[in-house]
1. Any residue at all in the range 45-56 that's at positive phi, at pLDDT 90 or above and either crowded, with 19+ Cβ neighbours inside 10 Å or not acidic (Asp, Glu) (or both)?
2. Any chance you could count how many residues in the range 193-239 are free of Cβ contacts under 8 Å to residues at least 12 places away in the same chain and under 21 Å from the mean Cα position of the chain (by Cα)?
3. Would you please name the residue that is least open to solvent (accessible area, probe 1.4 Å), looking only at residues in the range 193-211 that are over 13 Å from Lys228 (Cβ atoms) and charged (D, E, K, R)?
4. Filter the range 20-39 down to residues that are aromatic (Phe, Trp, Tyr) and at pLDDT below 95, then give me how many there are.
5. Would you kindly identify the strands (runs of 3 or more DSSP E) lying entirely within the range 1-79 that contain at least 1 residues that are hydroxyl-bearing (Ser, Thr, Tyr) and in contact with a helix residue (DSSP H, G or I) (Cβ under 6 Å, 6 or more places away or on another chain)?
6. Looking at the range 9-39 only, could you name the residues that are among the hydroxyl-bearing types (Ser, Thr, Tyr) and open to solvent by less than 40 Å² (accessible area, probe 1.4 Å)?
Amino acid sequence: MFNFVVCEDDKNIKENITNLITKTMMPQDLDYIIHEFDDYNNKVKKIIEQTNIKKIYILDIELSSRSGLDIARKIREKDWNSIIIIVTAHYELGLEAIKSRLMLLDFISKYINFEERLKSSLEIAIKILEHKKSLIFENGSILYKIKYDDIIYIIKDTIERKSVIRTIYAEYSVCDNISSIMEKLDSRFFQSHRSCIVNKDYIKKIDFKDGKITFNNNEHLYLLARGKKKGLKEHVRIC
């Protein structure tokens, strides 16, 4: 599911953006939803805090309470995977946007080839999110490809001498050990124990005293080694 988050206080521009999103998504066999806002508010904040969903932000650089760049900074405090597109009536602010180092996909003028430029950027954003990294492995004669976004945690099965990959949909067994799997993963993953790897984006709560990690689906593991507590605390931001 793609989540398009539009923050634009000009009614006509906002309608134009939502129409372009619809036109862009029509040829795609993908589910999506458009969230429309006139300004930054608690609903936008809640969406930002959901780091385990696919999001494409289209932000006006000038809103009533704050700029689109301020919102982009709030997004990047928690999320470096979502796509951010800035639209503006003040194209001269482009240098400031570049200097912000917020990994913006595009900075688009509302008055210069707006529809063509935005449609192109939306198509690129969709391709980026659709081609997120995957963990590929074989189990017998079957080849599996599991998106990193779907992995909650990976643990060692000491009885079967395999690793179990727990995703939001199912569980998979793989013959690789925890160390070799960790080498294939990106920075959202943390090895909390010699027998466990966790996806930081899915962590809901950590009890450092008991070494208990609770995930967004309310599953929990007691696999936080004493020597890993400081590292996990530094890398995970709990909302």
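The values are calculated or read from the model by the stated rules, or taken from the named source; none is laboratory data. As the structure is a prediction and not an experimental result, all values here were calculated from the model. Every residue, glycine as well, gets a Cβ built from its backbone with ideal geometry; the counts of neighbours run over all protein chains shown. Side chains are part of the model used for accessible areas, which takes the heavy atoms of the whole protein and leaves out ligands, DNA and RNA. Shrake-Rupley method; radii C 1.70, N 1.55, O 1.52, S 1.80 Å.
1. No, the range 45-56 has no match at all.
2. 2
3. Asp201
4. 1
5. Counting at least 1 such residues, we get 32-37.
6. Thr18, Thr24 - these are the residues of the range 9-39 that are among the hydroxyl-bearing types (Ser, Thr, Tyr) and open to solvent by less than 40 Å² (accessible area, probe 1.4 Å).
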